[in-house]
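The values are calculated or read from the model by the stated rules, or taken from the named source; none is laboratory data. Since the structure is predicted, the reported quantities are computational estimates derived from the model, not experimental observations. Cβ atoms come from the backbone with ideal geometry, glycine included; neighbour counts cover every protein chain shown. Keep in mind that these areas ignore ligands, DNA and RNA; they rest on the heavy atoms of the full protein, side chains included. Shrake-Rupley method; radii C 1.70, N 1.55, O 1.52, S 1.80 Å.
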Amino acid sequence: VDPSVISYADGFFTFPTQTLVHVTPDSGEGRTTPFEPGQNLDAYTSFVDTSVMTPDVKRTLTVSGGFGNEKASNSDPKAFTYEFDDNTFPNIPLIQPRLDSVEEWTITNLNNDEHPMHIHVNDFQVMEIVDPIAGTRTGVQPWGEDNVNVPAPVTDANENALEPASVTLRTKFTEYTGTFVIHCHRLNHEDNGLMATVNVIPEVSTYAV
């Protein structure tokens, strides 16, 4: 990536231009394969339509922190935080779903930036995305994914949220018990705190939780 197109907010993370690979197309014409809506592709999918299910648990996660408020430092450009529920990783309360349960999480963004959230292991289904800057509110997405962008809120001159943004998603926790993470896929956000641990426990626990 050429440094000239790096976001202003990431301006102090400047890297030299580096060519990773050159790609050239083969000669000739491409081939087009027609598909009909609803056509069965006979391929595996992990998608579970959780929109028709009643969540066993509902959780809220609030993203805060940033550059231009009391979370930042004018003397050190890297002294800022990105937080879940007023904490940075690893000091964020453990999220502990049960195997085979369905949970609904609402991630509300009070930070000045967007956050592409990546959740390991289980794909999820988006129920709603609220983007106050674009003035849009989506409905249910009929597919599964493991990364969704949480839009930025409307903020004042000091980057305090006036209109929060949010994403609501649902997950059915299947097959895997154990630990993984949810984190922002912008690595400087993750490295400065925006990550939490998820630990899926058995459906019927053998120990106190």
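What do you get for GluC sites (Glu not before Pro) in the stretch 90-185 restricted to DSSP loop and a cutoff of at most 11 other Cβ within 10 Å of the site's Cβ?
Answer in residue order: GLU175.
Give me the 1.4 Å probe accessible area per residue for the stretch 77-136, excluding ligands and nucleic acids, in Å².
For the stretch 77-136, the solvent-accessible area averages 40 Å² per residue.
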